[in-house]
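**Student:** Starting off with a structure, shown below.
The values are calculated or read from the model by the stated rules, or taken from the named source; none is laboratory data. Computed from a predicted model, the values in this text were never measured in an experiment. Cβ placement follows ideal geometry from the backbone for every residue including glycine, while neighbour counts extend to all protein chains displayed.
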Amino acid sequence: MKVSPPGSGEHRDGPPHAGELFTDRETESQAFKSTVTRFRQLLDSDDEVGVARHNVLTFYGLGGIGKTALSERLEAWVRHDLPLVNGWGPPPATNVDTTARIDLHGSAGRMDLPAALLALRAGAAGIRRRWPVFDLAFTAYWSALRPGEPLPRFRGRDELENSVAETVGEVLKDLGSLADLAGGTAASLGVRGVRKVVGELRRRRDLRLAVDGFAGFEDFLLRCADEPSPTEPRPALACELAAALSWELAQIVPSPMVAVFVDTTERLALDPRRVSEGHLNRLIHCMPNVLFVLTGRDLLDWYDDSRVDLPHRGWWTWPGLVPGAPDNPRQHLVGNLSPSDTRALILRGRTQLDLPMSDEVVEDLVRSSAGLPQYLELARQVAISIKDAGVGRQVKTQDVTGSLGSLVMRILDDVPADEQRAIRAACLFRVFDTHLMAAAADVDHGCAERAVRRPMIDHHHGDRFPYRIHDAVREAIRRSDHQISGGWAERDWELAAVRAAAAVRRLHDDAKDREDNREVLDLIGVAVVLVCEQSTTLEPAPSENYADWLSRAIVFSPSVQGLRSRVPAASRTEYGRLVLNFIAAKSIETPVDERLGLLREIFDSDHPLWTAAGRHLGYTLRLRQRWDEALAVFDELVARKPAPLHLGQRPQVLSLARRFTDADQAAQGLPVQSFITRLAEYAHGRPERYFAEVPDKMAKLRGAGRQREYLEEVGTLLMRRAFFRGDVSVDELRDFAEQADLSGHLVATRSALLTTVLLGRSAPTDIVLAIDRLRTLDEASMGDIGYRYGLAESCTALIVGDRDRLERLRDELSRLPSRTRSMIPVECFLESVGLPLPAQPTQWLEPAEVVTRRWADHFAAYAARHR
């Protein structure tokens, strides 16, 4: 198969589950066997991939039918991890070289694409250690998405870090730059090395790396470094990374067979907008030489050309997904086990676990279960509990028959009371660890450790929160009547949620102190799931601007966008619903008008996030230069809560909109008055107050631990010093640029690039590169060029005397729908050289010609220093 380049095993301790006792699913095993045979033929052909995709095999059916067990068993089968007496016999004759698993169990409607890429890379490690094209590109992407973090581990080892370090060492040795890699920041060697490679590419755009990559790989590597950020993960680019791995796989002859198992795909439908389903659709389409085995409750309707929310749709793209398609890979409905299969499964479990169950009870269970695997799993757990009671009691028919809910309750009957309490509390979470379990249940940790060994709890090694309970069991326990022995009333669930939330907060605060951004996001996600599942009372926030700690944690999280894959798509509680709406409103994947509507709804409510929603509604309108609407929102916010933070918003909007007289009047008597005066004086070409007052502001920001705002202010100071004074040292600039890069602060990074240009001490090619990258980042963040790019172009063209360049800049700026306060210096300069821009309404505090002359003098002084 000719593939075009791009445009961890799990187990548990304790008794086996029903999936491990799975018997002869002849239809599904044969379907898989014939699929890998057919897919092998496709891999070995010399045909171009074309439009159609034949790399999806699906199994779908009702909940509890055994799809997860089937998925896990199929993977174990091809990995030769099942004994020959497993009921399916030896693995398929067609060899599967490696497998990967993309876990959606905890997704609740969101797909974590970086985690999916890591799962694919972990699977590829089963073929060979190093994948240079993917590894370099993924590391560039990862360092932009998670700045300052080392590369993640998989299978508990630093395989990826070691592989990247070896590859980057070879590349830098070829470039003669290896010596510069020693020392440096706390980031991993691989990340630092790739950052250096990217730097070399930026300086030498015609450079070709010593990597067997596809044509244009160097440009792709730069995109991976420049386009993503902690707030903008660029999911389409992540799918192109998957395509890069697919291309690398295709370079091996014969092409290796890779099977990727994706379970519980129905969770992606929990999001009404189906955004994550679109990501999975794109990822699978990007990897035509990889077989994806999907299991879920619903028929996959990607063949439907009316699914306009999917990037790749239609029967011509997915012919195997069309209902009734004759050839594998295609879609298969999974039904209940046949009576013979049901009997074989029960007998095997009775033998392996030595269960005290007569043949008569076996036959009764065959009939009552109707072959439903989840029913059989619960019945087996009841039988284990009876055996573990140790009083010589036999399993009776009435013990293992009845409703699913009644079976769950019988499982708990023989569990000690404290462990019952722990298991009930754990049902508040989708995923959890023993610390959260113990806190929510108010039991000791030893009890929680014992409880998680009960067979109803699944253990997935290596995960931050390694335990989960099957949805059917969770729901049965959550909805059980408090009148039964050990049952909880609604108030009990609320109190358990209070304890759980308090435990999550302590873990969150500790992770925040350690600056562990990933754990901070994980724990906020756990708390959001909790408040979406259960009404509860949260502890207050340490700030009067927030009603509870979670609302503040969300607003100040490392990335609100990063929460999307960690929270559910729907909520049972009103509190949780509006939390989810706030997170959606801060996502770039949500259309602007929808964002505004979501924020408006929260602002109109009495939800603890209402003030934050009001501010962010105003910020969003301000960013889009919808000045009057932004002012109306901030006025409404002040009327409802006249806090200093809110009172200062109106003058700031007016100032940015160039209404300086109105801004000055609005700021009278407010804490922001000096700030508004400083902004106006600077815009009028008088920077003296700024340079006099900004050190105090920076000290306050630093002392308050407001690192992101502090970095932004440092960047502004450096670029203004470079323009007005030229007294920035190269070392000072380099240190700041590295801080901006490591923190993923795009505003600070743009300031560092502008300072590089204004300082003029770099090679001409580096100046050109900085301006190009500045434009790229401006457009990626704002959709248009910004004042930093305008200032960089103006100063560079002025020094070299390139009027054509200034005319092109004038033409570009003229096409902008409007211009804010920040563009005034560039406007005045262009006016002074006879290239005026279209008039922009402005309330000047001095005659416009005076301001223009003043800025012209500043530009002349700058040019004199550089000639």
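**Student:** Output the residues belonging to the stretch 567-582 that are surrounded by 22 or more Cβ atoms within 10 Å (Cβ to Cβ) and modelled with pLDDT under 90.
**Tutor:** V567, P568, A569
**Student:** Starting from the stretch 401-414, keep only residues that are closer than 9 Å to V382 by Cα, then list their pairs with residues that are in a helix (DSSP H, G or I) and of a type in the set (D, E) whose Cβ atoms are within a distance under 8 Å, requiring at least 6 positions of separation or different chains.
**Tutor:** Short answer, once both residue conditions are applied: R410/D399; D414/D388.
**Student:** Right, here's the next one. Scan the stretch 813-843 for residues that are surrounded by fewer than 17 Cβ atoms within 10 Å (Cβ to Cβ) and within 16 Å of E681 (Cα to Cα) and jot them down.
**Tutor:** Correct list: Q843 only.
**Student:** Residues in the stretch 325-348 that are touching a strand residue (DSSP E or B) at 6+ places or on another chain (Cβ under 9 Å) and at pLDDT below 85: how many?
**Tutor:** Within the stretch 325-348, residues that are touching a strand residue (DSSP E or B) at 6+ places or on another chain (Cβ under 9 Å) and at pLDDT below 85 number 2.
**Student:** Would you mind telling me which numbered condition in (1) closer than 16 Å to R464 by Cα; (2) of a type in the set (A, V, I, L, M, F, W, C); (3) not assigned by TED's automatic domain parsing to the domain that holds S571 A489 fails?
**Tutor:** If we test A489 against (1) closer than 16 Å to R464 by Cα; (2) of a type in the set (A, V, I, L, M, F, W, C); (3) not assigned by TED's automatic domain parsing to the domain that holds S571, just (1) comes out false.
**Student:** Might you check whether a residue that is surrounded by 15 or more Cβ atoms within 10 Å (Cβ to Cβ) and in contact with a His (Cβ under 6 Å, 6 or more places away or on another chain) occurs anywhere in the stretch 306-328?
**Tutor:** Checked the stretch 306-328: at least one residue is surrounded by 15 or more Cβ atoms within 10 Å (Cβ to Cβ) and in contact with a His (Cβ under 6 Å, 6 or more places away or on another chain).
**Student:** Out of S369, S338, S358, which single residue is among the hydroxyl-bearing types (S, T, Y) and buried (at least 20 other Cβ atoms within 10 Å of the Cβ)?
**Tutor:** When all the criteria are applied, what remains is S369.
**Student:** Pick out the one residue from R658, R720, R650 that is modelled with pLDDT of 95 or more, surrounded by 15 or more Cβ atoms within 10 Å (Cβ to Cβ), touching a strand residue (DSSP E or B) at 6+ places or on another chain (Cβ under 8 Å) and not aromatic (F, W, Y).
**Tutor:** Just a single option satisfies the conditions, and that option is R658.
**Student:** Here is a check on your reading of the model: is R773 in contact with a helix residue (DSSP H, G or I) (Cβ under 9 Å, 6 or more places away or on another chain), modelled with pLDDT of 85 or more and not small (G, A, S)?
**Tutor:** Here the answer is no, as R773 does not meet what is asked.
**Student:** Looking at the stretch 213-261, which of the residues that are assigned to a loop (DSSP other than H, G, I, E, B) and of a type in the set (S, T, N, Q) is modelled with the lowest pLDDT?
**Tutor:** The qualifying residue modelled with the lowest pLDDT is T231.
**Student:** Now for a different question. Quick one: is R430 of a type in the set (K, R) and either assigned to a helix (DSSP H, G or I) or surrounded by fewer than 19 Cβ atoms within 10 Å (Cβ to Cβ) (or both)?
**Tutor:** Considered against the rule, which asks whether it is of a type in the set (K, R) and either assigned to a helix (DSSP H, G or I) or surrounded by fewer than 19 Cβ atoms within 10 Å (Cβ to Cβ) (or both), R430 comes out as no.
**Student:** Only one residue in V728, V757 is crowded, with 16+ Cβ neighbours inside 10 Å, in contact with a helix residue (DSSP H, G or I) (Cβ under 6 Å, 6 or more places away or on another chain) and outside any helix (DSSP H, G or I). Which one? Let's see the steps before the verdict.
**Tutor:** Values: V757 fails: outside any helix (DSSP H, G or I).
Result of the check over V728, V757: V728.
**Student:** Given the structure, is E793 crowded, with 19+ Cβ neighbours inside 10 Å and outside the structural domain of S229 (by TED's automatic domain parsing)? Can you show your working first?
**Tutor:** Numbers: crowded, with 19+ Cβ neighbours inside 10 Å: yes; outside the structural domain of S229 (by TED's automatic domain parsing): yes.
Taking the combined requirement at face value, the residue satisfies it.
**Student:** Of all residues in the stretch 584-608, how many are closer than 23 Å to A541 by Cα and either within 22 Å of the chain's Cα centre (by Cα) or acidic (D, E) (or both)?
**Tutor:** Qualifying residue count, the stretch 584-608: 7.
**Student:** A further question on this structure: For the condition at negative phi, at pLDDT below 90 and part of a loop (DSSP other than H, G, I, E, B), what is the one hit in R474, R468, R453?
**Tutor:** Unique residue meeting the criteria: R453.
**Student:** Name the one entry in E601, E494, E519 that is surrounded by fewer than 21 Cβ atoms within 10 Å (Cβ to Cβ), outside any loop (DSSP other than H, G, I, E, B), at negative phi and assigned by TED's automatic domain parsing to the domain that holds V638.
**Tutor:** E601 is the lone residue from the list that is surrounded by fewer than 21 Cβ atoms within 10 Å (Cβ to Cβ), outside any loop (DSSP other than H, G, I, E, B), at negative phi and assigned by TED's automatic domain parsing to the domain that holds V638.
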